[in-house]
Amino acid sequence: MLFVTLSHMIDGDSPVHVALKKPEIVQNSSVSSGDGYNSYMVTLENHSGTHVDAPGHFLEDGRIISDYSPLELFFIHPLILDVPKNRNELIELKDVIDKDFNGLDCIFFRTGFESFRESEREKYLTENPGISPDVVLWIRESFSDIRCIGIDSVSMSGYKYPELGEKAHLNAFEEHENIGEPLLFIEDMKLNNIENDDLGMVLIVPWQLKGVDSAPCTVLAIKS
Ligand SMILES: [Zn+2]
């Protein structure tokens, strides 16, 4: 069995959405200065780094991530779908309408924008591709087994299209009759150089924080 990590490590220099405070990791005690042990203060917003958004992110009474059981965060039919996107482009219906997602429970959209995460920070954070609200609704209407979608850019909301980004989140999170359960979103994923053959199963492990809408997470793929 082989494990592959689909999430980024967080450090004080991790890129985060421009609306958020930068993460801070500060040494609090240190062996070298005679404290006898090492410890750190870690301060960050819950949408920093690779993180999972639950409905409570946008909805007053939406489920929050700590309400989810491990089984709801475990996927046995995941797929990475390549949808190459340039700056300020959205994943549109035309990119997916001819795809058959039957049998899948989770899709990670690989736009390729992750390649700018380190090298071109400004571009990564302010020109990121996102997803069209129509695509989110189409997935929920057509493939009710899909419970989660992810992206290798800083947000599902394209920075240049905040209204469409908000609508995309609402289309994922609102409860509607006749369509599947709300979707989870994973943002800022690490998908470069991952093969679909590496994805036997996928487990999202959010930080176990009570009372917050969403959380940083480790995403593990288990190749069986
Ligand atoms: Zn988020």
**strands (runs of 3 or more DSSP E) wholly inside the stretch 1-105 containing at least 1 residues that are more than 19 Å from the chain's Cα centre (by Cα) and closer than 28 Å to ARG117 by Cβ** = 2-5, 24-29, 39-43
**Tabulated pairs, the stretch 92-105, first farther than 11 Å from SER142 by Cα, second open to solvent by 40 Å² or more (accessible area, probe 1.4 Å) and at pLDDT 95 or above, C-beta under 6 angstrom, 6+ apart or interchain** = LEU93/ASP134; GLY103/HIS77; LEU104/HIS77; LEU104/LEU79; ASP105/HIS77; ASP105/ASP145; ASP105/ARG147
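Within the stretch 185-224, which residues are open to solvent by 30 Å² or more (accessible area, probe 1.4 Å) and within 13 Å of the ligand (Cβ to nearest atom)? Before the answer, list the steps.
Taking the stretch 185-224 and keeping what is open to solvent by 30 Å² or more (accessible area, probe 1.4 Å), we get 190, 192-193, 195-197, 201, 203, 205, 207-213, 218, 220, 223-224.
The answer is VAL212, ASP213.
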**Request:** Residue by residue through the stretch 173-184, note down the ones that are modelled with pLDDT under 95 and either within 16 Å of the ligand (Cβ to nearest atom) or among the hydrophobic types (A, V, I, L, M, F, W, C) (or both).
**Result:** ILE179
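Listed here are the residues, each with its yes/no results for (1) touching a Lys or Arg at 6+ places or on another chain (Cβ under 8 Å); (2) away from the ligand (no atom under 16 Å from the Cβ).
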position	(1), (2)
GLY34	no, yes
PHE58	no, no
ILE80	yes, yes
GLU92	no, yes
ASP98	no, yes
ILE107	no, yes
SER119	no, yes
TYR124	yes, no
VAL135	no, yes
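The values are calculated or read from the model by the stated rules, or taken from the named source; none is laboratory data. What you are looking at is a predicted structure, and each value in this text was computed from that prediction instead of being measured. As a convention, Cβ positions derive from the backbone with ideal geometry for all residues, glycine included, and neighbour counts pool all protein chains shown. Ligands, DNA and RNA are stripped out before the accessible areas are found, and what is left, the full protein with its side chains, is counted by its heavy atoms. Shrake-Rupley method; radii C 1.70, N 1.55, O 1.52, S 1.80 Å.
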